[in-house]
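Notes to accompany the following structure.
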Amino acid sequence: MTTNLGLLEKPSQDAAGNPLEDSREASEISARMFARASKAIANQSFSQLLGARLEVFEPGRAELSLPVTAKLLQQHGFVHGGVVAYMADNTLTLAGGTVLENVVTGEMKINYLRPATNADSLLAIATVVGHGKTQAVCRCEVYIVKDGQRKLCAAAQGTINKVLAPTAAVS
């Protein structure tokens, strides 16, 4: 997955790196970051096809939700593993994008811990474990959500790489 989040702002500091005194200013920057990330999801046809929704986008963390519908189930009635992997991949990349901007998944490993069944939605939560100038290592947990209760169904880790050259949009 490739995500171009444009110029990221850090809500805890101004352009010069000075701490923000005004919590309203920090809140406005966070809102702009969230809007940019939401737009990135909206520009991904596959994310729209599945119905993914950005829930949280803040430095070092991203959360993505997805309503579970019958069209996402495989022959045993479980959410298809590819959908669960999509949730991990996209959320890992979004988290990495909070620290690197324009990014792509370099690699990802996922462990399916239980079938994603009997769920209202899936919720993926990814955090940045560590990063340098061109890559970030991120972890993600994917949960089944039913009646507001969460159960872990998959855990993933990935390396997210900064795209160093501009990418052309696909028409």
Exercise for the section: For residue 71, go through the lysines and keep the ones whose alpha-carbon is under 21 Å away, minus same-chain ones fewer than eight residues off. Expected result: 146
Practice task
Could you work out how far apart the two model spin labels at residue 76 and residue 107 are, taking each label as a point 7 Å from the Cα in the direction of the beta carbon, and quote it in nm?
Solution key: 2.8
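Multiplying the sequence separation of residue 117 and residue 28 by 0.36 nm and subtracting their Cα-Cα distance, what value in nm do you get?
Values: separation 89, 0.36 × 89 = 32.04 nm, distance 3.83 nm.
Gain on extension, residue 117 to residue 28, equals 28.2 nm.
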Fill in the blank from the handout: Stretched fully, the stretch from residue 159 through residue 85 gains (0.36 nm per residue minus C-alpha distance, one decimal, in nm) 25.2 nm
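By per-residue mean of other Cβ atoms within 10 Å, what is the highest-first order of 79-87, 66-74? It would help to have the intermediate numbers written out before the result.
Values: 79-87: 19.4, 66-74: 14.8.
The peptides rank, most packed first, as 79-87, 66-74.
Could you tell me the calculated FRET efficiency between residue 146 and residue 61, based on Cβ-Cβ distance and R0 = 35 angstrom, to the nearest 0.05? Let's see the in-between values first.
Details: r = 23 Å, r/R0 = 0.67.
In this case the efficiency is close to 0.90.
Only the coordinates and a few stated rules stand behind these numbers; no lab work does. Because the structure is predicted, anything quoted here is derived from the model rather than measured. Neighbour counts are summed over all protein chains in view; Cβ atoms, including those assigned to glycine, are modelled from backbone coordinates with ideal geometry.
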